[in-house]
Amino acid sequence: MKSDVATGHRSALDVLDAGFADPDGVEGRMRITDLLISVPAIGTTKLDRILSDLRISRAKRIGGLGIHQRQRLTAFLQQRESTNRSRRRSRLVVLAGPTAVGKGTVAAHIRDNYPDVLLSISATTRAPRPGEVDGVNYYFVDDAEFDRLIEAGELLEHATVHNSFRYGTPRSPIEKALSEGTSVLLEIDLQGARQVRARMPEATLVFLLPPSWDELVRRLVGRGTEDAVERARRLDSAQVELAAQDEFDFRVTNTTVGEAAQEVVELIKTRGRGPRWAHPDAAPTAANTARGV
Ligand SMILES: Nc1nc2c(ncn2[C@@H]2O[C@H](COP(=O)(O)OP(=O)(O)O)[C@@H](O)[C@H]2O)c(=O)[nH]1
Ligand SMILES: Nc1ncnc2c1ncn2[C@@H]1O[C@H](COP(=O)(O)OP(=O)(O)O)[C@@H](O)[C@H]1O
């Protein structure tokens with residue numbers, strides 16, 4: 001664990017400024033090596049490389065730096081602080097759950113009402129439905145293009161869903177958004193959620209639950225997009241999918257779309273990671289954990 005005794009809980013930039021202002025004071029006499037080692041994620045290995053890049057010798061103290069060395073060190077620490085700030089703010093959140101629970105509906109509500117969250121647009125080999133727009137709902141591609149995306153490493157995850165078409169998450173828009181401090185929501189199936197967990201353990205996984213089994217069946221029938229045989233098949237997989245809910249960090253019940261969307265957005269904005277690391281208050285509450293499903 002890093003000790004911040006040397007910097008007294010202040011940021012390294014504050015200590016640097018104090019050292020420049022008073023070269024003979026405590027900060028001015030502080031060694032550059034001690035200052036840099038107090039910065040999170042800088043260890044002895046990185047230290048030498050950073051000092052060499054900044055063209056500062058190990059023996060230097062803050063007060064003894066030349067003007068150009070000061071400028072280079074200040075720019076380096078500013079850049080580091082701003083990168084850390086954006087990393088802290090942005091989250092990758094995966095929303096999954098059984099068929100017809102309302103994943104698409106809740107995700108669309110978030111896209112339309114919370115513009116600061118980026119809803120990832122998947123690539124798929126299925127044909128567009130009436131009203132669906134390429135590049136808005138999905139990137140509609142053929143099998144050859146899907147193979148190319150996989151081979152080029154352009155998909156963060158991909159899976160064949162409901163035994164029929166292939167779906168995958170384009171990697172680069174997500175990496176760009178996260179590096180700019182924008183949170184990203186993926187609405188994907190269970191296989192995809194597991195792949196994301198394996199590849200990006202820092203992602204937050206949210207499982208959307210129906211208020212009851214009967215309501216799930218009503219929604220599937222009410223949507224009217226599958227025939228009776230396909231509905232029966234999907235309900236079988238829904239049983240299997242519901243059994244996986246404990247793999248997820250949080251569970252949100254989709255009783256009303258607006259409230260479920262709001263709960264997901266609150267998880268995006270306030271929870272960095274799952275309960276393994278989060279504050280105890282972050283544990284799912286009785287209110288958002290469905291019973292008897
Ligand atoms: N693994 C994975 N699943 C996805 C992706 N995009 C969508 N899905 C899932 O594919 C399933 C089918 O979605 P869709 O074609 O919109 O059909 P619908 O759910 O029957 O309306 C849903 O369970 C989505 O969560 C993706 O990029 N990766
Ligand atoms: N909170 C809700 N209350 C009532 N109906 C809902 C709710 N959320 C979604 N639905 C309806 O349930 C059906 C399935 O939703 P959909 O978003 O297509 O599910 P999924 O993407 O999980 O397969 C749709 O007809 C949708 O309008």
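Of the listed requirements (1) farther than 23 Å from residue 224 by Cα; (2) more than 9 Å from ligand 1 (Cβ to nearest atom); (3) at pLDDT 95 or above, residue 115 misses just one: (3). Residues considered: 28, 8. Of these, the only one that is out of contact with any Pro (no Cβ under 7 Å at 6 or more places or on another chain), at pLDDT 95 or above and not in a helix (DSSP H, G or I) is 28.
Just one of (1) out of contact with any Pro (no Cβ under 6 Å at 6 or more places or on another chain); (2) under 24 Å from residue 210 (Cα atoms) fails for residue 54. It is (2). The condition (being touching a residue at least 40 places away in the same chain (Cβ under 8 Å), farther than 30 Å from residue 39 by Cα, touching a strand residue (DSSP E or B) at 6+ places or on another chain (Cβ under 6 Å) and within 16 Å of ligand 1 (Cβ to nearest atom)) is satisfied by just one residue among 99, 125: 125. Here is the figure for the stretch 109-142: residues that are of a type in the set (Lys, Arg) and within 13 Å of ligand 2 (Cβ to nearest atom) total 2. Residue 92 falls short on exactly one of the conditions (1) out of contact with any helix residue (DSSP H, G or I) (no Cβ under 6 Å at 6 or more places or on another chain); (2) surrounded by fewer than 18 Cβ atoms within 10 Å (Cβ to Cβ), and that condition is (2). All conditions but one from (1) at pLDDT 95 or above; (2) of a type in the set (Gly, Ala, Ser); (3) surrounded by fewer than 17 Cβ atoms within 10 Å (Cβ to Cβ) apply to residue 193; the one that does not is (3).
Considering only residues in the stretch 109-146 that are part of a helix (DSSP H, G or I) and more than 18 Å from the chain's Cα centre (by Cα), the one that is farthest from residue 259 (Cα to Cα) turns out to be 144.
The values are calculated or read from the model by the stated rules, or taken from the named source; none is laboratory data. All values reported here derive from a predicted model rather than from experimental measurement. Cβ sites come from the backbone with ideal geometry, for glycine too, and all protein chains shown count toward neighbours.
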